[in-house]
Ligand code: PGA
C-alpha cells in the first residue's frame, strides 16, 4: 500500500505577518521540487490570505478549525466556504486543544468534518487519549468513540478524502513522544476500526502521528507500517526544525 507521507505544521496561536513570510518562504526554499511527500501548514486564520500567496505548489495549507455553520448570526466563526475562498485545501478538526479548552464535543467535531468536506476541504480529524485514560486502559475505547461519531454522521466513504491524526494528549508539547511501537499500536487499531466498515477504504486513509515529533524521532515514527507522517506543533515554528522533519519524510518517500 502506498500512502503518501504528509508532514503538517500546526502553528497554533503563534505567528505574525513577518513570521508567516519568513517561515513559509524558508520552507518552500528548503523543499525539493521533486519531493514525493506532502507538506502542509496551518497558520492562524488571519494569516491564511498571506499564506495563500506564499505557498506555491510545494506546500498545502489550511486552517486550524472551522465553523460547523455555513453563514449567519454566529459571531466570531469562520466558515468552510470562506476557507475555500482563501484557497485552503485542508482543515484541522478536533484538535485536543479545541476539545479541552473550547469544549468541542465529538458531535461538534463530526459536524465540522462534514461542513469542511461539503466545501471540498480535506479534514484532518485529530483524536487521542489523556494520560489518565491511557493508564486506565481505555485508549482504544476513547479513540474509537472519537472516530465512530464522525463515521456515524458522514459514513465511511467520506474517509476517502480525509486524514486522521492520532495525537496522544500526554505527548503534545511535553517533549515526551509516544514510542514508535506505542504509536504504531494505536495506528493499527485505528486502521482496523476503519476496516470494520470498509476493507477497501481503510488502507487508503493516511494516519498521522502527533506529539513532540522532531527531526530526531521522525524517521523512526514515519517508518512504522501505519504511520503516514506527522502533525507537528512546536517544531513547525522554525524552518530549521520543520525542514529537519521533512528531510526524514523525504528519505522514506
Ligand atoms: P507538538 O504539538 O508537536 O508541539 O507536541 C503537536 C500538536 O498539537 O499538533
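The values are calculated or read from the model by the stated rules, or taken from the named source; none is laboratory data. Quick caveat, the model's predicted, so the values are computed rather than measured. Here the Cβ is made from the backbone with ideal geometry for all residues, glycine too, and neighbour counts use every protein chain on show.
Please indicate, with yes or no, whether at least one residue in the stretch 241-250 is surrounded by fewer than 24 Cβ atoms within 10 Å (Cβ to Cβ), closer than 16 Å to residue 171 by Cα and in contact with a helix residue (DSSP H, G or I) (Cβ under 6 Å, 6 or more places away or on another chain). No, the stretch 241-250 has no match at all. Screening the candidates 216, 212 for the property of being within 16 Å of the ligand (Cβ to nearest atom) and more than 23 Å from residue 93 (Cα to Cα) yields one hit, 216. Can you find a residue in the stretch 61-69 that is out of contact with any helix residue (DSSP H, G or I) (no Cβ under 9 Å at 6 or more places or on another chain), in a loop (DSSP other than H, G, I, E, B) and in contact (Cβ under 8 Å) with a residue 40 or more places away in the chain? No, every residue in the stretch 61-69 fails to be out of contact with any helix residue (DSSP H, G or I) (no Cβ under 9 Å at 6 or more places or on another chain), in a loop (DSSP other than H, G, I, E, B) and in contact (Cβ under 8 Å) with a residue 40 or more places away in the chain. Here the condition is being assigned to a helix (DSSP H, G or I), touching a strand residue (DSSP E or B) at 6+ places or on another chain (Cβ under 7 Å) and within 23 Å of residue 123 (Cβ to Cβ); of 186, 213, it holds for 186 alone. Contact map, the stretch 144-156: first residue buried (at least 20 other Cβ atoms within 10 Å of the Cβ), second residue in a helix (DSSP H, G or I) and modelled with pLDDT under 95, Cβ cut-off under 7 Å, separation 6 or more or different chains; the map is empty. The residue that is farthest from the chain's Cα centre (by Cα), counting only those in the stretch 156-171 that are away from the ligand (no atom under 11 Å from the Cβ) and not in a helix (DSSP H, G or I), is 162. Taking the listed residues 140, 167, 220, the one that is surrounded by 15 or more Cβ atoms within 10 Å (Cβ to Cβ), closer than 16 Å to residue 123 by Cα and in contact (Cβ under 8 Å) with a residue 24 or more places away in the chain is 167, with no other qualifying. Being more than 18 Å from the chain's Cα centre (by Cα), within 16 Å of the ligand (Cβ to nearest atom) and either in a loop (DSSP other than H, G, I, E, B) or crowded, with 20+ Cβ neighbours inside 10 Å (or both) holds for only one residue in 13, 23, and it is 23.
When each of 89, 133 is tested for being surrounded by fewer than 17 Cβ atoms within 10 Å (Cβ to Cβ) and at pLDDT 95 or above, the lone residue that passes is 89. Going by what's in this entry, would residue 196 be described as touching a helix residue (DSSP H, G or I) at 6+ places or on another chain (Cβ under 9 Å), without any contact (Cβ under 8 Å) to a residue 60 or more places away in the chain, more than 16 Å from the ligand (Cβ to nearest atom) and assigned to a helix (DSSP H, G or I)? Yes: the conditions hold for residue 196. Each residue in the stretch 170-193 was checked for being surrounded by 15 or more Cβ atoms within 10 Å (Cβ to Cβ) and out of contact with any helix residue (DSSP H, G or I) (no Cβ under 8 Å at 6 or more places or on another chain), and 6 of them qualify.
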